[in-house]
Amino acid sequence: MDIDFGLQPKQELFWDALNDNEIDHICFGGARKGGKSFVGRAASLFRRLAYPGSFGLIMRETMPEVEANHKEQIEQMVYEWSGGGIECPYNVNDAIFTFPQFRRGKTPSKIFLGYGKTLEHVKRYQGNPYLDIFWDEATNFPKEVVTRTNGSLANEYWPVTVTKDIYTCNPGGIGTPWVLEDFVEDSSRRQRSVFIQAFVDDNPIFLKSDPNFKERLRQEYKDQPWIIAQWLDGNWYASPSSYFAFDPKPGGKHVREVDVPYWANWYMMVDAGYYPDPFAAVWAAKWQDDDGGLHLHCVADYKGWRLEVDEQAEKVREIEKSLKLPPCRRYACWSTGHRLPAESAEVTRTVRRMWQKHGLNTQPTRKWGRVDGWMLLRYLLKHGELTIDPRCRALITEMRDAQHEKTASGQAGNDLDDSTGDHNLDCARGICCETIGLRHMKSKKSDWQMFLEAA
């Protein structure tokens, strides 16, 4: 059978991974309408034809969903690929496609349509050896369900290939944390796996048939920016409880390299670390461009644990020397973070004097309003006035993971939940307040008020 169907570049990456015996796990995830489910379904059908007698399983959260998204589509695909020469009857009661026997007395290939969100649901699928399992909308599944079902992956007859577990998904849903850990994040990605990031612009065929899709989504969810970030931008870190509308991808709106002009003023802020809290520092440059526009760029950061006061000062001087930064105005962040028992203003002055003794001169910040400072940070991000260099890894991680605090009633509060870490964020907030100030919002009072109401 000669099969001829077109693939977009991202789908070609998927197909290359499908035929690579060094890859066991394929995750194709990101924005909606990126052409993900199509290739997952095509992969299951292709492998049933290529490896006669093999079984494949396609999973969705519910049976109506899996049938609506795959039953007729598989029937149409079989008809088009075979020119009407193959019949694959679908058993409604068992939810199984059965292919013609490739040899009398031999087991035919089968595609099982499955569903389930609990371990009880997926017990029914543990008796068959599946050559591949396709998890469509994988972020809707708890990890334990996926792990238990994938235990049935087995290659009994085809040494020329390997088992494949395939995931297509959008950001959001209960499975997002394990998808992030297992596939999206470079540092924790599973061995023998590949992650393909999907964007809606990767699928020009869909956009040609529905050219208003993106604008319609933006209008429909204009009051829920995290949905737009997830569905259109494929942002894996956006959620309803995210404190910052922040894109952590290098080269994007917020995280990118910037050429700092020679007339920029330089600043740094340190947050003294008392174990178990870390010592944190952020360096930034501020300037006005040729059009009078304000810009603040975080150039570098540091986060370290169990450093004595002299070691903290030494680390700051070492970093500034390695970066060859111009002289900086240095601030010390005293108004946030955990304090030692009975800590007083005299203690903080003592730490400053000890830093100074080891070559780190700082001046304390004023006690700016904490929530107002976070609002300023969000405002600068929104309007592109604050950018972050990709090497500021600690700051990027804290900003990406920042969540709204939860009040006693369970509602989201205006402050930031510091359980995910806010030490480098405190430094960035302090620099913004000291160098730009909350008066910056008054220069665009109506715009700021609208922003506060939206926030």
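The values are calculated or read from the model by the stated rules, or taken from the named source; none is laboratory data. Computed from a prediction, not measured in an experiment: that's the story for all the values here. Please note: Cβ atoms are built from the backbone with ideal geometry, for glycine as well, and neighbour counts cover all protein chains shown.
Within the stretch 174-197, can one find any residue that is buried (at least 17 other Cβ atoms within 10 Å of the Cβ), modelled with pLDDT under 90 and part of a loop (DSSP other than H, G, I, E, B)? Looking through the stretch 174-197, at least one residue is buried (at least 17 other Cβ atoms within 10 Å of the Cβ), modelled with pLDDT under 90 and part of a loop (DSSP other than H, G, I, E, B).
If we scan the stretch 91-101, do we find a residue that is at pLDDT 95 or above, under 15 Å from K164 (Cα atoms), more than 23 Å from the chain's Cα centre (by Cα) and of a type outside the set (G, A, S)? Checked against the condition, which is being at pLDDT 95 or above, under 15 Å from K164 (Cα atoms), more than 23 Å from the chain's Cα centre (by Cα) and of a type outside the set (G, A, S), the stretch 91-101 yields no hits at all.
Return the only residue of G83, G151 being surrounded by fewer than 17 Cβ atoms within 10 Å (Cβ to Cβ), without any contact (Cβ under 8 Å) to a residue 12 or more places away in the chain and in the same structural domain as L57 (by TED's automatic domain parsing). The match here is G83. Residues that are surrounded by fewer than 22 Cβ atoms within 10 Å (Cβ to Cβ) and either among the hydroxyl-bearing types (S, T, Y) or under 18 Å from R190 (Cα atoms) (or both) within the stretch 17-55 comprise L18, D20, N21, E22, I23, D24, H25, S37, Y51, listed in sequence order.
The set of residues in the stretch 390-399 that are touching a residue at least 40 places away in the same chain (Cβ under 8 Å) and either crowded, with 20+ Cβ neighbours inside 10 Å or over 16 Å from the mean Cα position of the chain (by Cα) (or both) comprises R391, C392, A394, L395, I396, M399.
Candidates D290, D301, D247: the one that is of a type in the set (D, E, K, R), closer than 28 Å to E185 by Cα and part of a loop (DSSP other than H, G, I, E, B) is D247. Considering the stretch 257-284, and only residues there that are surrounded by 15 or more Cβ atoms within 10 Å (Cβ to Cβ) and among the charged types (D, E, K, R), the residue that is nearest to E311 (Cα to Cα) turns out to be D271. Considering only the stretch 301-310, I want to know if a residue exists there that is of a type in the set (S, T, Y), at pLDDT 80 or above, in contact with a Lys or Arg (Cβ under 9 Å, 6 or more places away or on another chain) and assigned by TED's automatic domain parsing to the domain that holds G430. Scanning the stretch 301-310, I find at least one residue that is of a type in the set (S, T, Y), at pLDDT 80 or above, in contact with a Lys or Arg (Cβ under 9 Å, 6 or more places away or on another chain) and assigned by TED's automatic domain parsing to the domain that holds G430, so the answer is yes.
Take G369 and tell me if it is assigned by TED's automatic domain parsing to the domain that holds E318 and out of contact with any helix residue (DSSP H, G or I) (no Cβ under 7 Å at 6 or more places or on another chain). Yes.
What are the residues in the stretch 211-231 that are modelled with pLDDT under 90 and part of a loop (DSSP other than H, G, I, E, B), if any? Across the stretch 211-231, the qualifying residues are Y221, K222, D223, Q224.
Could you go through the stretch 112-126 and let me know if any residue there is farther than 13 Å from G56 by Cβ, among the polar types (S, T, N, Q) and either outside the structural domain of D24 (by TED's automatic domain parsing) or over 33 Å from the mean Cα position of the chain (by Cα) (or both).
No, there is no match, as no residue in the stretch 112-126 is farther than 13 Å from G56 by Cβ, among the polar types (S, T, N, Q) and either outside the structural domain of D24 (by TED's automatic domain parsing) or over 33 Å from the mean Cα position of the chain (by Cα) (or both).
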